[in-house]
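> What follows is a structure written as structure tokens; I'll ask about it next.
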Amino acid sequence: MRRTAWDVAREHGIPIRRGSGTERTTCPWCSGGRRNKTDRCLSVTVTDEVLLWCCHHCSASGKGWFDDRRDEAGPHGVAHG
């Protein structure tokens, strides 16, 4: 079964507002512990096949595929989700 951008974002705890394109949002891994908890430090890009994310504060990054491929996260080799 093919997942949607909303499914992948929910699995990884990423709050998104749109199902396509690029947006900035809060980071589920570091925003809660920051002084400015509402800073949109996580860049999220949704393409036809994958949801990509990269935090400009804590460096959490990864990609979640919409098909059966395994999701990838990094840079520390820790699966975020």
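The values are calculated or read from the model by the stated rules, or taken from the named source; none is laboratory data. What you see is a predicted model, and the numbers here were worked out from it, not measured in a lab. Cβ atoms come from the backbone with ideal geometry, glycine included; neighbour counts cover every protein chain shown. Heads up: the accessible areas ignore ligands, DNA and RNA and are worked out on the full protein's heavy atoms, side chains in. Shrake-Rupley method; radii C 1.70, N 1.55, O 1.52, S 1.80 Å.
> Go through (1) within 20 Å of residue 71 (Cα to Cα); (2) open to solvent by less than 60 Å² (accessible area, probe 1.4 Å) and name the single condition residue 34 misses.
Result: residue 34 passes all but (1).
> All but one of (1) open to solvent by 80 Å² or more (accessible area, probe 1.4 Å); (2) in contact with a Phe, Trp or Tyr (Cβ under 8 Å, 6 or more places away or on another chain); (3) of a type outside the set (Gly, Ala, Ser) hold for residue 69; state the number of the condition that does not hold.
(2)
> Can you say whether residue 18 is farther than 21 Å from residue 72 by Cβ and at pLDDT below 95, as far as the supplied structure shows?
Here the answer is yes, as residue 18 does meet what is asked.
> Can I ask one more? Of the conditions (1) open to solvent by 50 Å² or more (accessible area, probe 1.4 Å); (2) more than 18 Å from residue 73 (Cα to Cα), residue 23 fails just one. Which one is it?
Looking at each condition in turn, residue 23 falls short on (1).
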